[in-house]
Amino acid sequence: MNTSRLDLNLLVTLEALLAERSVTRTAARLHLSQPAVSAQLSRLRDMFGDPLLVPAHRGMTPTAKALELLGPLRLALDDLRNTLHAHRDFSPARSRLAMTIACTDYVEAVVVLPLVLALRQRAPGVRIAVRRFNPAQTEQQLASGDVDLAMATPDPTQSHLRTRLLFEESYVLIGRRDHPRLRTGLTLEEFVQLEHVVVSPSGGSFTTPIDDALTALGHRRQVVLSAASFLFVPEIVADSDLVALVPRRLLHGQRDRLTSIDLPWLAEQFDVSLIWHERTHGHAGQRWIRELLVELTADATADGKPIAPKHAARRRSASRRVG
């Protein structure tokens, strides 16, 4: 069969004809005229090279070829109907959806982990694949379907992508629990004298945007370690005199072994948003997961304070995390 000639409407008509075994009843079932159903039956016969239904004493009788087609045809059409129904009316408890999310290691720890735990309770058949966030590839990955959802700071040059703010993040300075030089009211001069760990997602850099700002003020901090991941940082500072600037939410569950202090003179902040392509905007399952992420982050707290956007003028790109 030449599948380029395949018309889904013809297959629906064939299914109805095999069930009703009458052109008249099929026309009524499909809300078509009898001549229209007869014309479609003629096309089906030509397509399959078989009469499919032949006249009988009452109605029509399917041929052996038609009976052979009936099972696979119903199965295929039922699968298609179920897919379309699931797309329109998503059922979390029954879904077998797989979704790919691109994000940084930090977002993976503070957002994806709670998401997966929630899914085990609400939608156990949903699977999540995590890919490392690459700002230069985000637009192409979302458009091609390699990634369904990104979580990062939106690129203002990609305004055609859909976005929704999850929360605004700020930084705190951390060190080991009994660090002798960490105290409330730490000055800029004292800050630069400490030995620092920075995070370079691209690898190898010992400077971040905060160092550019320090240079403009005539200061330079002592950076002794450049890490590729924020998740490594609490471990190294907990067992040394090193310090690091980290996103506030990364400290959840680690305050018993770390000291953290706010730096009022540091106004470095960034937004974390959902980013997705128009191609997935109307998908009921993906829309449900996006709403779940909004719910989970709204319920979360940072230092006992509700997550809420503020100080918009201070925001910087998450892809340029200061470390």
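Structural remarks
- Taking Cα Rg over 2.2 N^0.38 Å as calculated from this structure, the corresponding entry among (1) 1.50; (2) 1.27; (3) 0.98 is (1).
- Tilt relative to the chain, helix 8-20 - C-alpha long axis, 0 to 90 degrees, to 10: 50 degrees
- Exposure check, 1.4 Å probe, all protein chains in place: Glu139 carries approximately 70 Å² of accessible surface.
- Here Arg122 sits with roughly 100 square angstrom of accessible surface, probe radius 1.4 Å.
- Oblate is the label for the stretch 214-274. Its Cα gyration tensor axes, ordered a ≥ b ≥ c, give a/c of at least 1.5 and b/c at or above a/b.
- The chain - mean residue ellipticity at 222 nm from DSSP helices (-39,500 (n - 2.57) per run, n ≥ 4, rounded to 500): -11000 deg cm²/dmol
- Debye, to nearest 20: dipole size of the chain, +1 on Lys, Arg Cβ, -1 on Asp, Glu Cβ: 1040 debye
- Long-range amide H partners of Val172 with built H, under 5 Å: Val246, Arg248
- Ordering His277, His196, His252 by accessible surface, largest first, gives His252, His277, His196; the 1.4 Å probe counts only protein heavy atoms, with every chain in place.
- In the context of the full set of protein chains, residues of the stretch 184-262 present 48 Å² of accessible surface per residue (probe radius 1.4 Å, heavy atoms only).
- Cut-off of 10 Å, at most 16 other beta carbons, DSSP loop: longest stretch of the chain lacking such chymotrypsin sites (Phe, Trp or Tyr not before Pro): 1-205
- Simple label model, 7 Å out from Cα along Cβ direction - Gln140 to Ala228, nm: 2.1 nm
- Carbon-plus-sulfur accessible fraction, the chain (probe radius 1.4 Å, protein heavy atoms only): 52%.
- For the chain, built as a Gaussian network whose Cα springs stay under 10 Å, the top-fluctuating residue of Leu186, Leu75, Leu274: Leu75
- For the stretch 121-135, 3J(HN,Hα) per residue [Karplus equation, 6.51 cos²θ - 1.76 cosθ + 1.60, θ = phi - 60°, Hz, x = Gly/Pro]: 8, 9, 9, x, x, 7, 10, 10, 10, 10, 10, 5, 6, 10, x
- Neighbour cut-off at most 12 other Cβ (10 Å), DSSP loop, trypsin sites (Lys or Arg not before Pro), the stretch 196-295: Arg220, Arg255
- Taking 0.36 nm per residue of separation and subtracting the current Cα-Cα distance, fully stretching the chain between Thr187 and Ala39 would add 44.8 nm.
- Taking every C-alpha pair closer than 8 Å and separated by at least 6 residues, the mean separation divided by the residue count of the stretch 50-145 gives a relative contact order of 25 percent.
- Asp7, Asp78, ranked by accessible area, largest first (probe 1.4 Å): Asp78, Asp7
The values are calculated or read from the model by the stated rules, or taken from the named source; none is laboratory data. Not measured: the values here are computed from a predicted model. Glycine gets a Cβ as well: all are built from the backbone with ideal geometry, and neighbour counts include every protein chain shown. Surface areas here come from the heavy atoms of the whole protein model, side chains and all, with no ligands, DNA or RNA. Shrake-Rupley method; radii C 1.70, N 1.55, O 1.52, S 1.80 Å.
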